[in-house]
Amino acid sequence: MDLAVLTFFQKKDKEVKQVVLTHPTDYEVYLFHEGSLYESYKVFGAHVELQKGIKGTRFSVWAPHAIKVNVVGDFNKWDGSKHGMTKLNDQGIWSLFIPGLLENEIYKYQIKTAAGDTILKADPYAFFSELRPHTASVIYNIEGYEWKDQRWFKNKRKKTVYEEPLSIYEVHLGSWRKRDEHTFYTYRELADELIPYVLEHHFTHIEIMPLVEHPYDRSWGYQGTGYYSPTSRYGTPHDLMYFIDQCHQNGIGVLLDWVPGHYSKDAHGLYKFDGQPTYEYEDVYVQENEVWGTANFDLGKPEVNSFLISNALFWMKYYHVDGFRVDAVANMLYWHASGTFQENPYAVSFLQKLNEVVFEAEPSVLIIAEDSTDWPLVTSPTYQGGLGFNFKWNMGWMNDILKYMEADSRNRKYLHDKVTFSLMYAFSENFILPFSHDEVVHGKKSLLNKMPGDYWQKFAQLRLLLGYLMTHPGKKLLFMGGEFGQFDEWKDLEDLDWELHDFEMHRLVHHYFKDLMMLYKRSKALWQLDHENEGFEWIDPDNKEQSIFSFIRKGKQEDNLLIIVCNFTEVVYENFKVGVPSYHYYNEIFNSDAIPYGGSGQVNKKKMKTIVKPFHNQPCHLELTIPPFGISILRPLKTRKGSKNNDTEKKVRSHVTGRRTRQPSQFIDQE
């Protein structure tokens with residue numbers, strides 16, 4: 001039987017009407033159950049369409065264990081005796097066309113289970129949902145938004161992302177800024193507020209914590225119920241499209257935090273959708289994630305593959321997202337099967353398949369693995385045996401450098417390898433260096449408050465940490481609030497502590513961060529060879545006693561290089577020797593201890609003449625002042641014809657002025 005021309009009779013107001021089901025076709029059903037129906041959202045869910053000249057809504061749902069399925073809502077007073085769906089095949093696809101039912105109506109599926117229970121479920125493929133605490137799905141026309149971001153995609157596709165600056169601002173839309181204690185900014189209001197802020201800080205991308213519909217605010221979207229439905233907390237789907245469109249028109253990419261590993265167990269969601277395991281594993285040992293109180297997607301089930309891969313393509317097609325940070329990859333790769341942790345072969349196959357399909361659809365997309373394991377070849381192509389991501393969070397670097405920074409400066413010499421170890425594997429994957437929300441919540445303290453020492457030292461070390469982040473090989477990610485030294489850890493029910501700008505040190509560190517980001521974005525040596533050994537060279541990685549590290553970052557051109565010197569103690573050093581490549585002069589173009597940044601002014605104002613005597617395995621060396629808890633960035637002064645300091649260097653150096661002889665505590669206002 002061809003499902004495309006299946007007909008049945010439906011009674012309505014004592015009138016019998018013949019209804020023709022145009023979907024799903026036999027071929028679509030075959031692909032869905034094979035795991036390769038990558039536009040399953042066109043087949044399933046609620047779609048307003050014409051059938052035999054009658055306008056109404058077609059519903060289709062997969063409920064393989066259901067005995068009976070009805071569509072219920074306000075339109076039939078939630079009466080489950082009406083609008084029964086027809087089961088189209090033995091594998092549990094149900095469908096119904098309801099004439100006259102149009103956009104903005106709310107609905108659910110009433111499912112009679114094999115156990116005889118009657119349950120109400122939201123539509124897994126719904127394009128919109130009621131505002132929580134209500135849980136019904138909403139009929140919504142996803143089409144019709146007129147995009148104006150064609151130039152963004154044209155320019156993006158010309159670039160090689162690995163050789164470009166990539167700096168990501170991670171944002172939780174519900175707590176970045178609020179209109180009042182109980183009122184969120186809308187997607188459209190955020191376009192007016194957030195986009196200028198991101199531009200001011202020279203970020204290239206925004207990463208938004210999960211936007212799938214979710215019932216509980218404090219799950220932050222990681223426990224979703226509506227994977228095709230952007231949360232209604234901030235507006236409609238078209239409002240979100242407007243926000244992303246405005247980001248693109250302003251040159252900002254948009255990444256979504258995406259959770260294909262597990263989902264909410266709330267009664268109206270995917271969990272035991274038809275009374276039995278449907279989207280989750282049947283094996284009780286791996287069915288649920290006890291740590292998070294969620295259910296694990298059955299990644300070995302073809303229909304779940306169709307659902308999830310379609311979902312990624314859906315966000316790309318209809319919302320023009322530029323990529324995904326794939327959450328909890330470690331939890332997917334390893335599962336607690338038969339009482340022990342084992343590799344999950346279904347997850348490996350799913351991730352490889354996902355990445356192959358998504359990159360075929362859009363080669364410029366970013367698919368970033370949040371993976372804390374040492375699984376090999378995460379960012380290698382699948383044809384080489386890799387998982388197929390193009391970036392991976394460097395969780396090892398993040399944990400090591402934070403443990404190092406949290407130690408008393410006198411003890412850092414005993415943790416020296418926490419800084420050097422990352423360069424042993426820095427080029428084994430395409431890494432992003434993340435200071436994410438996970439590091440500033442649940443009692444972990446903010447980045448600023450992790451720093452030991454007195455008030456001034458905390459800010460000095462935050463500047464140093466941020467400077468080291470921007471100069472270490474790898475792309476960058478910072479969670480909101482870190483840019484101005486949020487003192488408290490993230491409070492997800494409140495907005496950021498914007499009032500901290502009333503205090504001088506927060507204003508100055510904020511000023512520092514913007515200058516640092518400008519320097520990063522315009523310095524090819526800091527990103528052009530991020531994933532190549534040739535882009536980095538140690539000068540001195542072995543100075544444990546003084547906790548000073550020096551290294552070179554390089555661009556593709558031989559003379560495109562920067563010298564980086566980091567001092568992780570409070571000691572100032574005069575006439576400190578650092579080996580350098582052979583150029584006549586060097587300028588200090590950036591110094592975190594400059595007075596305009598809240599520093600003590602231990603800077604190198606004048607150009608430094610190279611001393612032609614080998615040191616640190618370099619042909620020459622310099623003698624310079626090393627600032628306390630500071631990072632110094634030096635650039636060779638090019639003397640060949642037509643060479644001048646560029647505008648970035650001049651602008652940044654304008655802040656490196658004078659020295660103060662007083663102690664920091666004497667000239668810094670206290671909070």
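Laboratory data are not the source of any read-out in this text; all were calculated from the coordinates shown. Fair warning: this is a prediction, and the values are worked out from it, not measured in the lab. So basically every Cβ, Gly included, is an ideal-geometry build from the backbone, and we count neighbours across all protein chains shown.
Quick look at the values:
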item: Cross-link partners of K444 among aspartates and glutamates (Cα-Cα below 16 Å; sequence separation of 8 or more within a chain); result: D400, E406, D488, E489, D492
item: Test item: Cα-centred dipole of the stretch 479-528, Lys/Arg +1 and Asp/Glu -1 on Cβ, debye; result: 680 debye
item: Total charge dipole magnitude, the chain, about the Cα centre, Cβ charges on Lys, Arg, Asp, Glu only, Debye to nearest 20; result: 2320 debye
item: Cβ-placed point charges (K, R +1; D, E -1), dipole of the stretch 280-334 about Cα centre in debye, nearest 20; result: 360 debye
item: Alpha carbon centroid spacing (whole Å) that separates the stretch 77-124 from the stretch 534-548; result: 65 Å
item: Shape of the stretch 85-146, Cα gyration tensor, a/c cut at 1.5; result: oblate
item: The stretch 174-393 shape via C-alpha gyration tensor axes, a/c threshold 1.5; result: oblate
item: Packing rank of 282-293, 626-637, 61-72, 414-425, where each peptide gets the mean count of other beta carbons within 10 Å, highest leading; result: 626-637, 61-72, 414-425, 282-293
item: Separation of the E193 and N104 label points, Cα + 7 Å toward Cβ, nm; result: 2.6 nm
item: Qualifying lysines (Cα of each under 20 Å from Cα of K544; at least 8 residues distant if same chain); result: K403, K413, K418, K577
item: Centroid-to-centroid separation of the stretch 41-72 and the stretch 303-349 [C-alpha atoms, Å]; result: 27 Å
item: Volume of the Cα convex hull of the stretch 366-428, divided per residue and given in Å³; result: 80 Å³
item: DSSP-defined antiparallel bridges as percent of all bridges, the chain, nearest 5; result: 75 percent
item: Packing rank of 130-136, 524-530, where each peptide gets the mean count of other beta carbons within 10 Å, highest leading; result: 524-530, 130-136
